[in-house]
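The values are calculated or read from the model by the stated rules, or taken from the named source; none is laboratory data. In this text, all values refer to a predicted model and were calculated from it rather than measured experimentally. For neighbour counting, all protein chains shown are included, and Cβ atoms are generated from backbone atoms with ideal geometry for every residue, glycine included. Remember, those area values only see protein heavy atoms, side chains included, never the ligands or the DNA or RNA. Shrake-Rupley method; radii C 1.70, N 1.55, O 1.52, S 1.80 Å.
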Amino acid sequence: MSTEHVLDDRRDGHRPPGHARVRVLANKVPEVTVYFWIIKVLTTGMGETASDFLARLLGPVPAVALGALALVASLVLQFAVRRYVAWIYWTAVVMVSVFGTMAADVLHVGLGVPYAVSAPAFLIALAAVFALWFAVERTLSIHSVRTRRREAFYWAAVLATFALGTAAGD
């Protein structure tokens, strides 16, 4: 997959005096291949299963608290690395999957919001993330997730997508 690349702004490495060096980091998102989609489908199923299991085992409130804590920890780790690291990235995806499922289920089961209401709400939230991402960054390309701000938009979109998937699918 990707590794960190540090490139000078000129291919020959020579810069005029006082000319700043430009650091270009590798994309923090893996290449979208057949393996990406296989793992993505597996994490989706894992999120649904883990969310339901934890809610039954611990009860809804402790399960959501644990899920939120694990999500924050995995995203802190993901944001701390400067390049794509497979196990860190996919751990974050799994935790987004678990918590995104919990978010949709808490609205439905815990607060009584019908999925027919929460699904459009998550769709609007996802559209808002994309609109804001594009307004600020002028791109939605996952091939340019090289800054913390773009990565924050990326993970917000992924979280909204998982919640939407649960609300629409259930």
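Taking a ≥ b ≥ c as the square roots of the eigenvalues of the Cα gyration tensor of the range 52-170, is the shape rounded (a/c under 1.5), prolate (a/b larger than b/c) or oblate?
oblate
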Problem set entry | In sequence order, calculated HN-Hα J values of the range 101-110 (Karplus, 6.51, -1.76, 1.60; Hz; x Gly/Pro) | 5, 4, 4, 5, 5, 5, 4, 6, 6, x
Exercise. What do you reckon, how do His143, His108 stack up by accessible area (1.4 Å probe), largest on top?
Worked result: His143, His108
For this session: Keeping all protein chains in position, work out how much accessible area Leu71 exposes to a 1.4 Å probe, and write it in Å² to the nearest 10.
Result: 20 Å²
Exercise. Quick one: Karplus J couplings for the range 159-170, per residue in order, coefficients 6.51, -1.76, 1.60, θ = phi - 60°, nearest Hz, x for Gly and Pro?
Worked result: 5, 4, 5, 5, 4, 4, x, 5, 5, 6, x, 7
Problem set entry | Packing-based ranking, highest mean first, of 134-141, 122-129, 57-64 given that Cβ atoms within 10 Å are counted | 122-129, 57-64, 134-141
Exercise. So what J values fall out for the range 74-79 if you push phi through Karplus, 6.51 cos²θ - 1.76 cosθ + 1.60 with θ = phi - 60°, rounded to Hz, Gly and Pro as x?
Worked result: 5, 6, 4, 5, 4, 6
Seminar exercise, completed: Length gained, Val72-Arg148, 0.36 nm per residue minus C-alpha separation, equals 25.9 nm
